[in-house]
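Participant: I'd like to ask you about the structure that follows.
The values are calculated or read from the model by the stated rules, or taken from the named source; none is laboratory data. The model shown is predicted, which means the values in this text are computed figures rather than measured ones. Here the Cβ positions follow ideal geometry from the backbone for every residue, glycine too, while neighbour counts run over all protein chains shown. Remember, those area values only see protein heavy atoms, side chains included, never the ligands or the DNA or RNA. Shrake-Rupley method; radii C 1.70, N 1.55, O 1.52, S 1.80 Å.
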Amino acid sequence: MCCRFQAGRLFAKVLPLAALLFSFKVEGADLYQIRYFHEADTVKPVIPERGDTLNSPVADYDAVAGSLYERLAEEPGGTAGEEAAEYVDEILDTYRKFLRSPLDINKASRRELERAGFLGQYRIASLMDYRERFGDVLSLTELSNIPGFGKEYVEGVSAMLSLGNYVPAGYSSAYKGGWGHDLTFRVKYRAAGGEKQPLPIDMMLKYKAASVSGLSFGIAARSAPGDKFFPPGSFSAFISYEPKSRIVRKMILGDYNARFGQGGLMWSSFTMNSLSSGTAFMRTEPGITGYCTGGGGVRLRGAALELAAGDLSVSLLGSYRYDYVAGDRRSGTPFLAGANLSYWFSRFKVGVTGIWHGTDNGVVLEETACGVAADMRVQVSGISLYAEIAFEGNAGVWAGAEIPVGERWNCSVTGRFVPDDFSGKYSSPFSTDSGAENECALSVSFRRRSGMSPDLIVAADLAYFPETKNVGTGVDFQLKCRGEWRKGPWKTVGSLTFRGMYDVASSMRGEWCAGVPKDVNATGFGVTVRADVSLYSGLSAQAPSFGCGRAVSAEGSYRLAGHFAPVLAVYARLALFHCDRWSERIYCYERDLYGSMSVPALYGRGMSSYLMAVYRPWRWLKLSFKTGVSWYYRLKSGTSGVPPEKEKRCIADLKFQCEVSF
């Protein structure tokens, strides 16, 4: 067969979201392995023009990032914007990596297929079985006929695959590749009423470069409001090399993340815990990855090495997180040494992780502790089973399953037991509230597919706390329920939370879209209207008896199509809200600059608005502008017989970002 099947030439005009958004587009037991999310608006890829190369920055990453940010924002408790932005940035970097150095699906071991992150357990098992029985896959048509793939999915990921060389399937081997460079500069200014602060400007500069040879590096610096411009308040950098070697697979020097198993012992980066997201259930480890961001979330700084022999992988970690910006050792320098050993069988994976960490105060080592964990994952007839047991002060257990139910439904179940004295300093398992310790819990999710995306999600999480948690007036148990339904231009999301015997919180959201072009790169107008209602009932004497918050917002947009991505995109939104108490607050995602995330809590009575424009005069340059104004007042509780006072506030934001890619 000829491997130059026409579909292999598909390259995203805006981005093959089926690949990048990972599990957004394809739902089921074979979801994306890193399993960040489950669904989003998708765009079919298109055939590139002649002369285009994989290093051409043709993808509309704003559309992708916006979909990811919106999913992150849907957790009722809100999401830390800075950490979420770093999280999304890492996802996009993974996509760019495989655009520049595609995955060879004929030569890759099970370990490489799994850590690539966009195939899924079921697809990997089907592909491995097919290779053993019939040999190499010679075309994308042949790949689409393997169980679990299909033509639409293969078209979405074709730009990240190769069939025996280092170019995507369907492209000429004469493609030489090269380096890809991304430079971002961002500045933000905020004025909050009459409040004054020194240097109320937030500035960030970030540069990343990667080549098809496997060498990549990045550097980022940021000065937050109140910091001096130089030296910056936070700084991160790394250099990584992935040689085409049978033994040495990856070397990293500088800042990095390490994630193994289900995250019970070692998972150094942010993770999403919404009941509708994949990370609330099964995860698949990406191993060690470089870390470069303008934020201050660096947890590991030092050196890491990954060795492999076939399906056996050994990762070695060393971290001494000395802050070379502040240069301050008085509070002590955190250090860590660790290792992970993993082996992938045909349908079975086992791993062992050990760490030793503490603090160096310059004289002695303090707060030293060690931990060990064992994890496993097995694929049986489309069902994925997984478990991890970790010991650090005490033993914690995580176990679950991904089960297909019929042709359209998928069920996810996970249970966890984490005692109060389990340390978990470097872990990040699913947690219902305020940390992962001190809980015994069960989570269940059902998702129904309509085509390639889910149209119905129902999920619940029940947790019991052996030691009463300091949440509100103190709770012994918590039940969270969430439902999501999509039908055409309509979307409805509802959630319900019970805490203890006294606190009940619920929320309902409805969205309606009109005139939004299906193709992100199409010219046209669009309108999105959203309405939120938040109800709270505190039945204890210490809490208000009942509260109701409500908000309504409308966003209008206009996009002018370009050759690959929109030349101009303009967005404007107005939101009105009435939430008198903090317990009635409503979290409402709003569009922001690429690499940033904004999920303000609407609290008080007032309005919030913004105007944003993205202009791309050339393929290699993108300029983004945003201005926003919020005006509201809050009622201060007064003495008996005295009406509450109004606390008025006005906040104005100005933001600018310049991105250069070549």
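Participant: Name the pairs whose Cβ atoms lie under 9 Å apart, with the first residue in the range 307-322 and over 28 Å from ALA108 (Cβ atoms) and open to solvent by less than 50 Å² (accessible area, probe 1.4 Å), the second at pLDDT below 90 and outside any strand (DSSP E or B), and 6 or more positions between them or separate chains?
Facilitator: SER319/SER268; SER319/ARG299
For every residue, the table says whether it meets (1) modelled with pLDDT under 85; (2) touching a Leu at 6+ places or on another chain (Cβ under 9 Å); (3) among the basic types (Lys, Arg).
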residue: LEU119; (1), (2), (3): yes, yes, no
residue: SER126; (1), (2), (3): yes, no, no
residue: PRO147; (1), (2), (3): yes, no, no
residue: LEU163; (1), (2), (3): yes, yes, no
residue: TYR166; (1), (2), (3): yes, no, no
residue: SER172; (1), (2), (3): yes, no, no
residue: LYS176; (1), (2), (3): yes, no, yes
residue: PHE185; (1), (2), (3): no, yes, no
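Participant: What are the residues in the range 519-534 that are modelled with pLDDT of 85 or more, open to solvent by 30 Å² or more (accessible area, probe 1.4 Å) and within 30 Å of HIS563 (Cβ to Cβ), if any?
Facilitator: Of everything in the range 519-534, those that are modelled with pLDDT of 85 or more, open to solvent by 30 Å² or more (accessible area, probe 1.4 Å) and within 30 Å of HIS563 (Cβ to Cβ) turn out to be PHE525, VAL527, THR528.
Participant: Also, quick follow-up: For the range 378-391, which residues satisfy the criterion of being open to solvent by less than 20 Å² (accessible area, probe 1.4 Å) and at pLDDT below 90? Walk me through it before giving the result.
Facilitator: Residues of the range 378-391 that are open to solvent by less than 20 Å² (accessible area, probe 1.4 Å), as a first pass: 379, 382, 384, 386, 388, 390.
Hits for the range 378-391 are GLN379, GLY382, SER384.
Participant: Mind checking which residues of the range 196-220 are hydrophobic (A, V, I, L, M, F, W, C) and open to solvent by 30 Å² or more (accessible area, probe 1.4 Å)?
Facilitator: From the range 196-220, those hydrophobic (A, V, I, L, M, F, W, C) are 199, 201, 203-205, 209-210, 212, 215, 217, 219-220; that's our starting set.
Matches in the range 196-220: LEU199, ILE201, MET203, LEU205, VAL212, LEU215, PHE217, ILE219.
Participant: Only strands (runs of 3 or more DSSP E) wholly contained in the range 179-264 count here; list those with 1 or more residues that are within 24 Å of the chain's Cα centre (by Cα) and at positive phi. Working first, answer last.
Facilitator: Working: elements: 179-192, 201-211, 215-223, 234-241, 248-259.
It comes to 248-259.
Participant: Next question, about the same structure. Scanning for something basic (Lys, Arg), at pLDDT 80 or above, within 30 Å of CYS481 (Cα to Cα) and touching a strand residue (DSSP E or B) at 6+ places or on another chain (Cβ under 8 Å), does the range 297-311 turn up at least one residue?
Facilitator: Going through the range 297-311, the residues basic (Lys, Arg) turn out to be 299, 301.
From what's left, at pLDDT 80 or above: 301.
Narrowing the set further to residues that are within 30 Å of CYS481 (Cα to Cα) leaves none.
Looking for residues that are basic (Lys, Arg), at pLDDT 80 or above, within 30 Å of CYS481 (Cα to Cα) and touching a strand residue (DSSP E or B) at 6+ places or on another chain (Cβ under 8 Å), one finds none in the range 297-311, hence no.
Participant: Which of the following residues is more than 29 Å from ARG499 (Cα to Cα), open to solvent by 30 Å² or more (accessible area, probe 1.4 Å), of a type in the set (Val, Ile, Thr) and at pLDDT 90 or above: VAL552, VAL567, VAL629, VAL614? So that I can check it myself, show each step before the final result.
Facilitator: Values: VAL552 fails: more than 29 Å from ARG499 (Cα to Cα); VAL567 fails: at pLDDT 90 or above; VAL614 fails: open to solvent by 30 Å² or more (accessible area, probe 1.4 Å).
Checking each option against the conditions leaves just VAL629.
Participant: Right, next: Could you check, for the range 625-642, whether at least one of its residues is closer than 30 Å to ASP93 by Cα, touching a residue at least 40 places away in the same chain (Cβ under 8 Å) and not aliphatic (A, V, I, L, M)?
Facilitator: Going residue by residue through the range 625-642, those that are closer than 30 Å to ASP93 by Cα are 625-628.
Checking which are touching a residue at least 40 places away in the same chain (Cβ under 8 Å) leaves us with none.
The answer is no; no qualifying residue exists.
Participant: Ok, one more. Give the residue, chosen from MET266, MET272, MET282, that is at pLDDT below 85 and farther than 26 Å from TYR594 by Cβ.
Facilitator: Numbers: MET266 fails: at pLDDT below 85; MET272 fails: farther than 26 Å from TYR594 by Cβ.
On inspection, the qualifying residue turns out to be MET282.
Participant: Every residue in the range 94-112 that is surrounded by fewer than 22 Cβ atoms within 10 Å (Cβ to Cβ), in a helix (DSSP H, G or I) and hydrophobic (A, V, I, L, M, F, W, C), please.
Facilitator: Hit for the range 94-112 is PHE98, nothing else.
Participant: Name the residue that is surrounded by the fewest Cβ atoms within 10 Å (Cβ to Cβ), counting only residues in the range 352-377 that are on the phi < 0 side of the Ramachandran plot and acidic (Asp, Glu).
Facilitator: Going through the qualifying residues, I end up with GLU366.
Participant: Using beta carbons and a limit of 6 Å, which pairs, at least six apart or on different chains, have the first residue in the range 644-658 and among the polar types (S, T, N, Q) and the second one surrounded by 14 or more Cβ atoms within 10 Å (Cβ to Cβ)?
Facilitator: Pairs found: GLN657/ARG186; GLN657/LEU593; GLN657/SER624.
Participant: What number of residues within the range 313-348 are outside any loop (DSSP other than H, G, I, E, B), farther than 23 Å from LYS425 by Cα and modelled with pLDDT under 90? Can you show your working first?
Facilitator: Taking the range 313-348 first, the residues outside any loop (DSSP other than H, G, I, E, B) are 313-320, 333-344, 348.
Remaining after also requiring farther than 23 Å from LYS425 by Cα: 313, 343-344, 348.
Checking which are modelled with pLDDT under 90 leaves us with 344, 348.
Of the residues in the range 313-348, 2 are outside any loop (DSSP other than H, G, I, E, B), farther than 23 Å from LYS425 by Cα and modelled with pLDDT under 90.
Participant: Can we say LEU365 is among the aliphatic types (A, V, I, L, M) and either in contact with a Cys (Cβ under 9 Å, 6 or more places away or on another chain) or closer than 17 Å to GLY263 by Cα (or both)?
Facilitator: On the way: among the aliphatic types (A, V, I, L, M): yes; either in contact with a Cys (Cβ under 9 Å, 6 or more places away or on another chain) or closer than 17 Å to GLY263 by Cα (or both): no.
So LEU365 does not fit the description; no.
Participant: Among the residues of the range 426-437, is there at least one that is touching a Lys or Arg at 6+ places or on another chain (Cβ under 7 Å) and either aliphatic (A, V, I, L, M) or at pLDDT 90 or above (or both)?
Facilitator: No, that holds for no residue.
Participant: Filter the range 124-146 for residues that are in contact with a Phe, Trp or Tyr (Cβ under 8 Å, 6 or more places away or on another chain), assigned to a helix (DSSP H, G or I) and either acidic (Asp, Glu) or more than 15 Å from ARG347 (Cβ to Cβ) (or both) and give the result.
Facilitator: Hits for the range 124-146 are LEU140, THR141, LEU143, SER144.
Participant: Mind listing just one residue for me: the one in the range 593-611 that is more than 23 Å from GLY510 (Cβ to Cβ) and touching a strand residue (DSSP E or B) at 6+ places or on another chain (Cβ under 7 Å) and, of those, most open to solvent (accessible area, probe 1.4 Å)?
Facilitator: Among residues in the range 593-611 that are more than 23 Å from GLY510 (Cβ to Cβ) and touching a strand residue (DSSP E or B) at 6+ places or on another chain (Cβ under 7 Å), the one most open to solvent (accessible area, probe 1.4 Å) is LEU611.
Participant: Using beta carbons and a limit of 7 Å, which pairs, at least six apart or on different chains, have the first residue in the range 121-140 and open to solvent by 10 Å² or more (accessible area, probe 1.4 Å) and the second one in a helix (DSSP H, G or I)?
Facilitator: Correct list of pairs: MET128/ARG110.
Participant: Limited to the range 404-417, what total is found for residues that are touching a residue at least 60 places away in the same chain (Cβ under 8 Å) and closer than 28 Å to ARG299 by Cβ?
Facilitator: Matching residues across the range 404-417 total 2.
Participant: Can you tell me how many residues within the range 603-621 are free of Cβ contacts under 8 Å to residues at least 60 places away in the same chain and under 24 Å from the mean Cα position of the chain (by Cα)? Write out each step before concluding.
Facilitator: Restricting attention to the range 603-621, the residues satisfying the condition of being free of Cβ contacts under 8 Å to residues at least 60 places away in the same chain are 603-613, 615-618, 621.
Filter again for under 24 Å from the mean Cα position of the chain (by Cα), leaving 612.
Number of matching residues: 1.
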